[in-house]
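The block underneath contains the structure these notes are about, expressed in structure tokens.
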Amino acid sequence: MSQWSPTVWPFEGRDTELASVVEAFTDSATNAVLIMAPAGLGKTRLAREALHRLGCRTRWVAATRAATAIPFGALAHLLPDEPSRLPEETPEPPDEPMRLPDGAPLTQVGPVGLVRAFTAQVAGWGGRTRVAVGVDDAHLLDDASSTVVANLVSSSAAFVVLTVRTGEPVADCLARLAKEGEAVLLDLAPLPTPVIDRLIDHSTCGTVDAIERRRLRAGAWGNPLALRELLHGAVAGGLTDLIAARLDRLDPATRRVVELVACGEPVPLAFLERLAGPEVVATAEESGLVAAERDGVRVQARLDHPLFGEVLRTRMAAARSRQAYRDLAEQLLATPLRRRDDTLRAALWQVEGGRIVRADLVREGARQAIGRSGLDLAERLARSARSAEPGPPADRLLAEILEYQGRSEEAAALLPVSPPEQPTERLAWAGTRADWFYWGRGDLATAERVLDTAAGHPRVESARAFILVFAGRCGDALRAAETVLDGEHADPQALVWAAAAATASLGFLGHLDRAEAVRLRGMTTATAYASALPWGRFQMEVGACLAHLAAGYPETAAAVAAEGHRTATQGGVPMMVSAWALYEGIVATVQGRLPHAEVRLAEARAGFDQSDTFRLRRACLAAQSFGYALRGQYAVAAELMADADRTDNGTNQLFAPWIATWRGWLALAGGDTAAAVRHAEHGAELAAAAGMPCVEAQARYDMIRLGGRADLARMAALPGPVPGLLAAAARALSEPDGPAMVRVAEQLAGLGHHLVAAELATAAGRLLRSAGYPARAALANAAATEWRANCPGVRTPLLAHADLGSLLTVRERQIALLATRQPSRSIAEQLGLALPTVNNALARIYTKLGITGRAELRGLLDVPAEADESATTR
């Protein structure tokens, strides 16, 4: 059996592929190269050689299965380190915070903040033309790290060379790079025989005979890793078999070193030397199984190839694996834990080892996992910490994580029914228990009584404000929030909760200027304490989005939601992504941008089907129903609204006025104008009772859009600029006043009300044309065409049925719309009229519109084909 020990091989057989990487780097249109090949064909060597040849600053990222469990774990070495904090600490902002190259404080972490931090750090080294990052075995990256790498490529922060093993699943964000042309794809073939011969000669100094050479060629089949194993004495076979045979021949001490690295890689070399001795570690390196690399001030040990770890871990006994993790945890716990991932690794290694000696670190690791979008990992760590050190803190932490996952009943079972005696314990109990009563059961009254057990504390009052705003009691929410915002010593979490609740409340109450001032204060705090409050920026921006939408500024709300969705998809927890998709979808539907709304709302609904902590699925379904109703697709819209009603658990009454008005559009799609107007009026009454002037104005204006009348005096009395515009639009339609319609339409369009503006301009064009002003009519129609282009597929009375308002009475319009879907007898029963009365009204309608029957009526009113089955001719 051959016993040659190959040294580092020369770079052979990949000159063409190397030239392709260099060419991609010089081509400014390409930001990445994706190298794909089966295990052992030399992907890593090609990537390293390419980075060396590019002549720019380079960094190397080695993904491992051991690091996959930790979000962002593979990339931790790209950022400077900072000390970890325990959750009980309330950090003070440093006088001179560490900053990234773009000036952002390093404390801006959390899922979205970490993506920005990684990108800013790498971009600060010079950008795509001056920085290249190698990502080895990208298929082993955790989802968070994959998102960062994709963002480095899409933002041109660096040129990225990735290696991926053929046949392994890759994160979608990375797979899209090649599909969308952002990365060049290189698919490596086995090395040709002449190259294999040169590698054999390099390792054997040309002493191998012809028979042995043929054996090596046949066993290697063009794979350099297989050749290396054969040269180490393995018997020809599959690559996995070759590696297993190699590992089986290791002496016990060297094998232990390799096992430690396989479990925890990367592992500080100093840990291995203390555990096994420097000589044994050197032997492991010399074997070619373990490689040591400098990472800042540490030297880290990794396996030379991922297959070594995969084969070894499958062959390790459970007891040996647990002991390896215990040894690693002991070494790490003896350090100051200054590196960014040290706490999370210390938590995970203790759990994997089955021996927890620092439960406080395991709890802190669970909290870090929450902020990094690892709720499954967070739950596992929290459960382990609770088993090791039972007590109220462990119960509350696990309950909090379960509540984030939407598992309210399980969360409630962990909390005592009665408030604890100790004030600190009572404070934490009140917040978690109140969340369960409100979000889990829709019981606002009991939730408030629970909060009253610790009333007056900033955290309790800010939690109360947050619940009250979503309960639709914006005035009460603002008063609770102001007790926190006006205080002198409120903690950061309380300030952010209070500021977010106050921002949203002020927008609904019609005080957008004050809302913006509060938002700025809350965002400053959320940014300064982003490490401790990973949800802070998300909460503040959601408050701002809702405030602008409720105050009648959908264009601003759309911009906030789009940016929130973009940043959340780059690294936020799934709950953030779903929430932003919902809000972006609602705004788009209100504006009439139905195709975009459909995509976002479908995305949100899929997310809420998995996890719906804040019970937003009902609002999502109702918004989808609204969108389909605007298309005239009654059957689909009705099914969605029925599903929304079944989902209602009494929470989120903030959306109730909107949902009531959306239900009016559903009724209109079904042909029932009277019911449509009643639903919109109910929405207006709900908004009025809640003190929401612009929401009320929008609902009252929708009564006109739906074919009814509104109280013009009430609309004129509502405060605020947007209610004033809607009152002017209502007055212009009722008088009717074409020039006034055009003026108001232009102002509303500037705020993002594209659909409402298109309706007004369409009505104005027809009115001006009939009044003998063709030039003015042409201008109004041109504006209507421009605004309507933003609203494809929308069907509303003022767009499709504009002539009905001037030609038919309210009763005739109601009968006309019902006649597109129902026979005369059903119309008579629904409206409480005699059958001859309905038929006589239809005859008048046909005469006024110049048509002869229902078929032409459906065509005139642009009713979709689904109506044909439910309506019959007279």
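For ALA667, only one of the following conditions fails: (1) in the same structural domain as ALA690 (by TED's automatic domain parsing); (2) at positive phi. What is its number?
It fails just one condition, (2).
Test ALA660 against the stated conditions and say whether it is part of a helix (DSSP H, G or I), surrounded by 24 or more Cβ atoms within 10 Å (Cβ to Cβ) and of a type outside the set (Asp, Glu).
Spelling it out, it is not the case that ALA660 is part of a helix (DSSP H, G or I), surrounded by 24 or more Cβ atoms within 10 Å (Cβ to Cβ) and of a type outside the set (Asp, Glu).
Please verify whether TYR634 is at pLDDT 95 or above and hydroxyl-bearing (Ser, Thr, Tyr), treating the condition exactly as stated. Please lay out each step first, then the result.
Values: at pLDDT 95 or above: no; hydroxyl-bearing (Ser, Thr, Tyr): yes.
No; evaluated as a whole, the condition is false for this residue.
Before we move on, is ARG449 closer than 21 Å to PRO693 by Cα, in a helix (DSSP H, G or I) and free of Cβ contacts under 8 Å to residues at least 24 places away in the same chain?
No; evaluated as a whole, the condition is false for this residue.
Look at ALA494 and say whether it is in contact with a Gly (Cβ under 7 Å, 6 or more places away or on another chain) and in a helix (DSSP H, G or I).
no
Output yes when any residue across the range 726-741 is modelled with pLDDT of 95 or more, surrounded by fewer than 17 Cβ atoms within 10 Å (Cβ to Cβ) and under 25 Å from ARG473 (Cα atoms), and no when none is.
The answer is no; no qualifying residue exists.
Read through the list (1) closer than 23 Å to ALA699 by Cβ; (2) free of Cβ contacts under 8 Å to residues at least 12 places away in the same chain, then give the number of the only condition that ALA559 fails.
Only one criterion in (1) closer than 23 Å to ALA699 by Cβ; (2) free of Cβ contacts under 8 Å to residues at least 12 places away in the same chain is unmet by ALA559, namely (1).
Hey, among ARG322, ARG340, ARG294, which residue is modelled with pLDDT of 90 or more and basic (Lys, Arg)?
Result: ARG322 is the single residue among ARG322, ARG340, ARG294 that is modelled with pLDDT of 90 or more and basic (Lys, Arg).
Please find, among ARG618, ARG600, the residue that is within 23 Å of ALA656 (Cβ to Cβ), surrounded by 24 or more Cβ atoms within 10 Å (Cβ to Cβ) and among the charged types (D, E, K, R). Quick ask: steps written out before the conclusion?
Working: ARG618 fails: surrounded by 24 or more Cβ atoms within 10 Å (Cβ to Cβ).
Just one listed residue meets the conditions, ARG600.
So which pairs qualify, if the first residue must be in the range 171-189 and in a helix (DSSP H, G or I), the second must be of a type in the set (S, T, N, Q), the Cβ gap must be under 8 Å, and the two must be at least 6 apart or on different chains?
CYS173/SER146; CYS173/THR147; LEU174/SER146
(1) among the charged types (D, E, K, R); (2) free of Cβ contacts under 8 Å to residues at least 12 places away in the same chain; (3) over 22 Å from TYR583 (Cα atoms): which one isn't true of ASP513, the others all being true?
(3)
If we only count helices (runs of 4 or more DSSP H) wholly inside the range 249-333, which ones have 3 or more residues that are crowded, with 17+ Cβ neighbours inside 10 Å and touching a residue at least 40 places away in the same chain (Cβ under 8 Å)?
252-264, 306-315, 318-333
Among ARG464, ARG367, ARG441, which is surrounded by 19 or more Cβ atoms within 10 Å (Cβ to Cβ), within 28 Å of the chain's Cα centre (by Cα) and modelled with pLDDT under 90?
ARG367
List pairs: first in the range 708-726 and within 26 Å of ASP513 (Cα to Cα), second of a type in the set (Ser, Thr, Tyr) and modelled with pLDDT of 95 or more, Cβ under 6 Å, 6+ apart or cross-chain?
LEU726/TYR701
Closer than 20 Å to PRO693 by Cβ, in contact (Cβ under 8 Å) with a residue 40 or more places away in the chain, assigned to a helix (DSSP H, G or I) and not assigned by TED's automatic domain parsing to the domain that holds ILE704: does that describe VAL756?
yes
Given the criterion at pLDDT 95 or above, under 23 Å from THR525 (Cβ atoms) and buried (at least 24 other Cβ atoms within 10 Å of the Cβ), identify the matching residue among MET575, MET540. Let's see the steps before the verdict.
Details: MET575 fails: at pLDDT 95 or above.
Of the residues listed, the single one that is at pLDDT 95 or above, under 23 Å from THR525 (Cβ atoms) and buried (at least 24 other Cβ atoms within 10 Å of the Cβ) is MET540.
I need a count of the residues in the range 825-841 that are surrounded by 21 or more Cβ atoms within 10 Å (Cβ to Cβ) and closer than 23 Å to THR796 by Cα. Walk me through it before giving the result.
So in the range 825-841, the residues surrounded by 21 or more Cβ atoms within 10 Å (Cβ to Cβ) come out as 827, 838, 841.
Narrowing further to those that are closer than 23 Å to THR796 by Cα: 827, 841.
Looking only at that region, the number is 2.
Looking at (1) more than 26 Å from ALA471 (Cα to Cα); (2) assigned to a helix (DSSP H, G or I), find the lone condition where MET703 falls short.
(1)
Looking at the structure I just gave you, is ALA178 of a type outside the set (D, E, K, R), in the same structural domain as ALA76 (by TED's automatic domain parsing), more than 19 Å from HIS305 (Cβ to Cβ) and at pLDDT 85 or above?
Against the criterion (of a type outside the set (D, E, K, R), in the same structural domain as ALA76 (by TED's automatic domain parsing), more than 19 Å from HIS305 (Cβ to Cβ) and at pLDDT 85 or above), ALA178 does not qualify.
Just give me the residues in the range 759-796 being under 39 Å from the mean Cα position of the chain (by Cα), more than 19 Å from ALA727 (Cα to Cα) and assigned to a helix (DSSP H, G or I), in sequence order.
ALA782, ALA783, ALA784, THR785, GLU786, TRP787, ARG788
Of everything in the range 125-150, what is buried (at least 24 other Cβ atoms within 10 Å of the Cβ), over 26 Å from the mean Cα position of the chain (by Cα) and assigned to a loop (DSSP other than H, G, I, E, B)? Give them in sequence order.
If the condition is that a residue be buried (at least 24 other Cβ atoms within 10 Å of the Cβ), over 26 Å from the mean Cα position of the chain (by Cα) and assigned to a loop (DSSP other than H, G, I, E, B), then no residue fits.
So is PRO38 more than 34 Å from the chain's Cα centre (by Cα) and either at pLDDT below 85 or of a type in the set (Val, Ile, Thr) (or both) or not?
no
Of these, ALA120, ALA47, which one is in contact with a Gly (Cβ under 7 Å, 6 or more places away or on another chain), modelled with pLDDT of 60 or more and either assigned to a helix (DSSP H, G or I) or assigned by TED's automatic domain parsing to the domain that holds ALA359 (or both)?
Sole residue among the options that is in contact with a Gly (Cβ under 7 Å, 6 or more places away or on another chain), modelled with pLDDT of 60 or more and either assigned to a helix (DSSP H, G or I) or assigned by TED's automatic domain parsing to the domain that holds ALA359 (or both): ALA47.
Residues are listed down the side, and each one gets a yes or a no for (1) among the aliphatic types (A, V, I, L, M); (2) without any contact (Cβ under 8 Å) to a residue 12 or more places away in the chain:
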position: ASN649; (1), (2): no, no
position: ILE659; (1), (2): yes, no
position: LEU668; (1), (2): yes, no
position: GLY671; (1), (2): no, no
position: ARG678; (1), (2): no, no
position: ALA684; (1), (2): yes, no
position: PRO693; (1), (2): no, no
position: GLU735; (1), (2): no, yes
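In the range 421-438, which residue that is farther than 18 Å from ARG473 by Cα and of a type in the set (Gly, Ala, Ser) is surrounded by the most Cβ atoms within 10 Å (Cβ to Cβ)? Write out each step before concluding.
Within the range 421-438, the subset farther than 18 Å from ARG473 by Cα is 421-433, 436.
Next, from what is left, pick out any that are of a type in the set (Gly, Ala, Ser): 428, 430-431.
Details: ALA428: 21, ALA430: 26, GLY431: 23.
Going through the qualifying residues, I end up with ALA430.
The values are calculated or read from the model by the stated rules, or taken from the named source; none is laboratory data. Bear in mind that the values here come from a model prediction, so they are computed numbers and not experimental data. Neighbour counts run over all protein chains shown; Cβ positions are idealised from the backbone, glycine included.
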